[in-house]
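The block underneath contains the structure these notes are about, expressed in structure tokens.
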Amino acid sequence: MNAYLILEDGKVYKGTAFGTEKEILCEVVFNTSMIGYPELLTDPSYAAQGVVMTYPIIGSYGLCDEDRESERPWLSAYIVRELNRIDSNFRRDIDLDSFLKQYGVVGIQGIDTRALTRHLREKGTMYGMITQGAEPNLASALEKISSYAEPPVVSIVSRNSKYVLGKGNNTKIALMDFGAKENIARSLVKRDCEVTVYPYNAKAEDIIADKPDGIMLSNGPGDPKACLAIVEEIKKLIASGIPIFGICLGHQLVALASGFDTYKLKYGHRGANHPVKDLKNGKVKITSQNHGYVVDEKTVSPELAEVSHINVNDGSVEGLRYKTGKLFTVQFHPEAAPGPLCTGYLFDEFMSMIEGGNA
Amino acid sequence: MPRDLSIKKVIVLGSGPIIIGQAAEFDYAGTQACRALHEEGVEVVLINSNPATIMTDKMIADRVYIEPLTTDTVKKVILQENPDSILPTLGGQNALNLAVELEESGFLDEHNVRMIGTTAETIRMAEDRQDFKDALERIGLPCATSTVVNSVRAAVEFAESIGYPVVVRPAFTLGGTGGGIAYDQTELQEICSHGLHVSRVGEALIERYIGGWKEIEYEVMRDANGCCISVCNMENLDPVGVHTGDSIVVAPTQTLADKEHQMLRSAAFAIIDELEITGGCNVQFALHPTSFEYAVIEVNPRVSRSSALASKATGYPIAKVAAKIALGYNLDEILNAITRKTYACFEPSIDYCVVKFPRWPFDKFVYATRKLGTQMKATGEVMGIGINFESALMKSIRSLEQNMTSMRIPEIMAYSDEQIAEFLKRVDDRRIFVIAEALRRGYSIDKINEITQIDIWFIDKIKSIVETEQLILNNFNTEALRRAKLLGFTDGDIAKLVGKGEEEIRSLRIENGIIPGFKMVDTCAAEFAAETPYYYSCYESENEVDPASDKKKVLVIGSGPIRIGQGIEFDYCSVHCVWALRDAGYETIIVNNNPETVSTDFDISDKLYFEPLTPEDVRNIVELEKPYGAVVQFGGQTAIKLCKALHEMGVPILGTSAENMDKAEDRELFDQILNQCAIPRAEGQTVYTCDEAIKAANEIGYPVLVRPSYVLGGQGMHIAFSDAEIDEYIGIINRIQQDHPILVDKYIMGQEVEVDAICDGTDILIPGIMEHIERAGVHSGDSISVYPAQTVNKAIQKKIVAHTRNLCLALDIKGMINIQFIVKDDEVYIIEANPRSSRTVPYISKITGIPIVDLATRCLFGEKITDLGYEYGLQPEKETIAIKMPVFSFEKLYGAEISLGPEMKSTGEVLGIAYSFEEALIKAFIGSGVRLPNTKKIAITVKDSDKSEVLNIAERFSKLGYTIYSTKGTADLLESKGVPAISVLKIEEGSPNLIDLILGAQLDLIINTPTKGFAHNRDGFLIRRNAVECSVPCLTSLDTATALISSLEKAEATTLSVIDIARI
């Protein structure tokens, strides 16, 4: 069946439907990872987005349950050049088409994804609509797009009750789940941590009362400024003096809690090839990234924090090390999945910070 | 670290002659690196024995030594030039070995020369089997373990320690005979005891069996600060067992999930960290298809064939970045030349699919076994870029220029079901086409996977192509057409399937708006705006190329894959043509499909189209760009073949017209012109059938030369002595459908000479006359060629110049021509004329200092030689003598006949330059790998008609203290003339015979002239093959042998000098 992607600037792309067929509105973003679509599909940070894959052949190895980063896909739509029809991998549990159908995710293939990416790069991330069947009426589609409001994504993707992983392990970590990728918890459990996962709306007092050795603030979807209630709780967590490590949205929320500002990037950083320089030792590592917002370096108060990592491509802030308390945060994803495993050492630094070392 | 300013003058080592396993990729890497060094103000001293390379140009390096790649040479150059550093990572394994030898001898330290780009320790760790294994163990990585054993007991013990199955490879046996795969102890005992028995040294290698595993490669880079990046990962379609150079390779990997990918990527990083690599490195893994188990197969701590492929596949200039790292830079300090916004410190993301297809020489070596294994056999490769695997594969197939445009090979489609079943099991160059046919006959994907162990993902893609064929056959409509074009079918393929004309399909396509667009290779999947003018076609909605230009555009047609007869020299010519055009103010557009070359580097031309060189593919570019003209005379036969098509597209051919080119190829038209110019030639006739050929041969009188017209490198050319041989040769020629007649010529035995000439329409310039050491009958590309000609007197020279001038003017040549003559009894006969650039142009340019391609390019636009600062006529001879020596790759091609004849067999060449003939000859032999003496024992077995001539050679060897072995007839003759000779048995007479001597590593040299014909199963063939496989030089022409003994006689008394050709 034909399917159409209409962007807010009136550009229309025609393709073929797969996955679930339904009309959907979403923010359209592109990702340049060539490998790792199962992790990406199940990354809650893509909640409510339509993701364009720049690599043209997608679905080549199906999906393996153990590669999921959460129990289900959270994105609204998946936009590809070619849905590969056979999946070849010994671990494969389900094919991509069936997976999207199972969870109500809209798919569209046969799109000139390079042309679309170039357009998004030039014009910036846009809202869009996907429909199937007959060619849509452009005017009414644009009207729907213009009245689209992003849903409260963090509350949708966060687990709604507290639970424990790695029970009995040595170090007690509180993980605030704003849409956490499971590999964050796995990375901690692997380092002998007992991880208690708290929902996004957990109160700082309750977390502090549980006496964690360290607090992990997870990644998550959307605009950090849509999470001001969480920012208030984070201020209290910072004040508690408990060591904190923040990733992605967690990083942005700590910045907001410290009085710094964030802004939206033209078309975000989404991919597995972003070079990040650790300013402490000058070493550059290739990182996995997925963010549309970034901390504004100009607003970082030098009394409170210093920029610890920068993006080699555009110089944007990739990490902050706070001078008050044991607190550091990064914009990229040391938990990888998908992407390079080069920055997993940051979890080790978090561990030594907890043990009292100078991470 | 910023640039290390103490590095001011660097020796760069090249890789030497083109051989199988070492093609143009090192010229590409070396040239790119030299340019990067120049950019940084470093003085470059280049050493490479290969004169056909671009890197040995004085515009690429400041000092150029075209000298044998030996420690002796490098030492002399160091003493002469006083460099501060040596960069060995760009010249393949040879260069690494040389550098380590120099380091270990203490010479580098002694002369304050630093090794940059790597360290001797790194090279040793990567190369030494035990050191490498230890390094892997230290970082906890698995390697494909192996050990050498001398007893069955040791083999069993080792196998128990690593687990079955294991591979047994007996040492020093022919083509791996006596080996096998053992699945348990009983099998191992059986195979190993046999293997040890057949091994002359009673030795065998026992290796863990990983056949059938996925073969995955990573191209990684690391700087001195420890920053690692993975430029590209690649997956071989052919599982482990086929050399990666002989595998169809796809980039990026397709069947790895992120966990597998990250596991291998991290392992690659761990390796380059442990080896402390600074620069580029290739890591090959075997990955078990149904588990996370893997093994490290190999690590190459340098640029390689794979890094060239990765560079072209991603747009990331690995060699350039490696050179900058060698100068001290870190990755985040090097700007990405493509985006000019980002840095070299990132990992390319590609948004298309790349397929590399090997180019094998089995069309030249019809008797060589086509089986593929761990010994690489391909001479070159092509790359196809598409937005899907199918189109990338289809593009690569038609780029091979092997009369294939699709997966439909008539010969294979005619196989019986039994043959298909049988051929599916064979691992050879045709396997992928056999798979396609099996799918047509209803084989399931799983069944084919079970037989071939090729991943179902790839088999399904072939199936997708086969299904599209069926769609076109059974239900042809616009949608089928659209799908076929998306998957890379040509209009011609579709036309054939539906029984229409190609033009009809094309019109239908255009009517329905099915036209290709071009997309950019930009390293970053469109994330950043890039300005790289590097494009590929696809049937998609958007075209990214802006054809607007305020300059006149000239299309330069490249030369496609490296093959015997058309090597790197044509890339040299194409690149120089582009540079000359650029200097003259034109916008240059290159079309080519060879990832190993300099011409396909994105910053050589104003625009690079990485596309197959077929009329349809070129037409797509022509219609978009509307060039002012096209240059075809520098891209070898590949470009010449497109002449007619370009003419029909309305693109003016710059230089000699298509019509006049045809006159040089068409026998009758050419004869008319020769008559008109009064240039004599061997009597000959044009025939179409075998009967006609036999009739012609009898009229002319044997021996005759039989060959197809319009061929390359004497392909299919034979000297026939009888009706029976004509019958056999015509049969071989007709294996490929002939659109053109077959030529039968009288074979004249004389002195062969060759000229390259430039004609500006008024008069000609001849840079020099070259003379061949081997008498006519040996292909010019396989002959030792001497400049300036030593035996051609002034009168003959005059005749040669006059014939050349007359022919050029009669053919209205504008640009280049190459003419071969035979001189016999003071008469100069023409053999053939090629109205294009030739194999000898780079070497003659370098040695005479005349920029031949530049001048010829200027002449294409009507400029006159005299206006360009040169005189007409034969140029004055240089004092230096340059001898071009062919280099062969016979040891790689099991079963190939090595004796020289009219069909070209060499893969590359080296040059010896000196102020005396003998010294040049000695250098040329050393450069080509003939390094004598060792045992001072030689064997001579020649055909009866050569026996008297060989006497002198034998006598001279004997005088130098060589012991001569011969079969009884020859030995008796030698003895009777006072030359001591030891008689050995013929093969059928039992042991010890000549083959025993060869296998026993007792011989330095064999002189063997084959008895006539293809006589495949004769003693001579066995002797030659055994010699080749045991690395004993084997000369099959007495002229070569005479040259060799002449050089040996002078060797001791001659001190070899090193000459900087930038200063002669």
Discussion item. Taking each residue in A:26-38, count the Cβ atoms of any other chain within 10 Å of its Cβ, then average. What number comes out?
Written reply: 4
Item to complete: Shielding by partners for A:111-118, please: the mean number of other protein chain Cβ atoms within 10 Å of each residue's Cβ.
Response: 6
Worksheet item: In terms of the Cα gyration tensor, with a ≥ b ≥ c the square roots of its eigenvalues, is segment A:180-249 rounded because a/c is under 1.5, prolate because a/b exceeds b/c, or oblate?
Response: oblate
Item to complete: Hey, can you grab everything whose amide H is under 5 Å from the amide H of A:S60? Only 5+ residues off in sequence or another chain; H modelled, so Pro and N-termini drop out.
Response: A:N84
Practice prompt. Between B:M749 and B:A154, take the C-beta separation as r, use R0 = 56 Å, and let me know the FRET efficiency to the nearest 0.05.
Written response: 0.45
Discussion item. Relative to 2.2 N^0.38 Å, what does the C-alpha radius of gyration of segment B:933-1032 come to as a ratio? Two decimals please.
Written reply: 1.00
Item to complete: Counting residues in chain A as N, plug N into 2.2 N^0.38 Å and put the Cα Rg over that result.
Response: 0.98
Worksheet item: Can you give the FRET efficiency for B:E40 and B:E542, using 1/(1 + (r/R0)^6), R0 = 45 Å, r = Cβ-Cβ distance, to the nearest 0.05?
Response: 0.75
Worksheet item: How far is it, in nm, from the label point at B:M649 to the one at B:K626 when both lie 7 Å from their Cα along the line to the Cβ?
Response: 1.5 nm
Item to complete: Taking every pair of alpha-carbon atoms in segment B:357-514, give the share separated by more than 26 Å as a whole percent.
Response: 29 percent
Worksheet item: In segment B:833-875, which trypsin sites (Lys or Arg not before Pro) are in a loop and have at most 16 other Cβ atoms within 10 Å, using DSSP for the loop call?
Response: B:K864
Worksheet item: Under 5 Å between amide H atoms, partner at least 5 residues away or on a different chain: which partners does B:I387 have, H built in plane at 1.01 Å?
Response: B:C353
Worksheet entry | Table column - 3J(HN,Hα) (Hz), segment A:259-275, Karplus curve with 6.51, -1.76, 1.60, x for Gly and Pro | x, 8, 10, 10, 9, 8, 6, 4, 9, x, 10, 9, x, 10, 10, 8, x
Discussion item. Report for segment B:532-654 the percent antiparallel among DSSP-assigned beta bridges with both residues inside it, nearest 5.
Written reply: 5 percent
Practice prompt. Extending each Cα 7 Å along its Cβ direction at B:E863 and B:D972, get the distance between those two points in nm, one decimal.
Written response: 6.8 nm
Practice prompt. Find me the longest stretch of chain A that has none of the exposed GluC sites (Glu not before Pro), where exposed means in a DSSP loop (not H, G, I, E or B) with at most 14 other Cβ atoms within 10 Å.
Written response: A:72-302
Discussion item. Can you compute log10 of I(q)/I(0) for segment B:48-119 with the Debye formula, treating each Cα as one identical point scatterer, at q = 0.17, 0.19, 0.25, 0.28 Å⁻¹?
Written reply: -0.61, -0.78, -1.35, -1.57
Response to the item:
Per DSSP, the loop-located chymotrypsin sites (Phe, Trp or Tyr not before Pro) within segment B:304-354 having at most 13 other beta carbons within 10 Å are none
Worksheet entry | Virtual spin-label span in nm between A:Y345 and B:D273, 7 Å along Cα→Cβ | 0.7 nm
Discussion item. At a 10 Å Cβ-Cβ cut-off, how would you order A:Y61, B:Y729, B:Y164, fewest neighbours first?
Written reply: B:Y164, B:Y729, A:Y61
Response to the item:
For B:H38, B:H261, A:H119, ascending order of other Cβ atoms within 10 Å (fewest first) is B:H38, A:H119, B:H261
Worksheet entry | Estimated FRET transfer efficiency when R0 is 41 angstrom, pair B:T186-B:D128 (beta carbons, to 0.05) | 0.75
Worksheet entry | Amide H partners (placed H, <5 Å) of B:G560, local residues excluded | B:N593, B:N594
Worksheet item: Where in segment B:1050-1064 does the label zone of B:Q80 land, with the point 7 angstrom along Cα→C-beta and an amide N cut-off under 18 Å?
Response: B:1054-1064
Worksheet entry | Listed residues A:C26, A:C342, A:C193, most fluctuating in chain A (Gaussian network, C-alpha, under 10 Å) | A:C342
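What share of the DSSP beta bridges in the protein assembly as shown is antiparallel, in percent to the nearest 5?
65 percent
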Worksheet, complete the sentence: Where a ≥ b ≥ c are root eigenvalues of the Cα gyration tensor, a/c under 1.5 meaning rounded, otherwise prolate if a/b exceeds b/c and oblate otherwise, segment A:154-355 counts as rounded
Worksheet item: GNM on chain A, C-alpha springs below 10 Å: top fluctuator among A:G315, A:G344, A:G59?
Response: A:G315
Worksheet entry | Sorted by Cβ neighbour density within 10 Å, fewest at the top, the residues B:L473, A:L120 | B:L473, A:L120
Worksheet entry | Prolate/oblate/rounded label for chain B (Cα gyration tensor, a/c 1.5) | rounded
Worksheet item: Counting only DSSP beta bridges with both residues in segment B:9-123, what percent are antiparallel, rounded to the nearest 5?
Response: 5 percent
Worksheet item: In angstroms, what radius of gyration and Dmax does the protein assembly as shown have, counting Cα atoms only?
Response: 33.7, 112
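We did not get these values from a lab; they are worked out from the coordinates using the rules stated. Just so we're clear, the structure is a prediction, and the values are computed from it rather than from any experiment. No Cβ is skipped: glycine too gets one built from the backbone with ideal geometry, and neighbour counts run over all protein chains shown.
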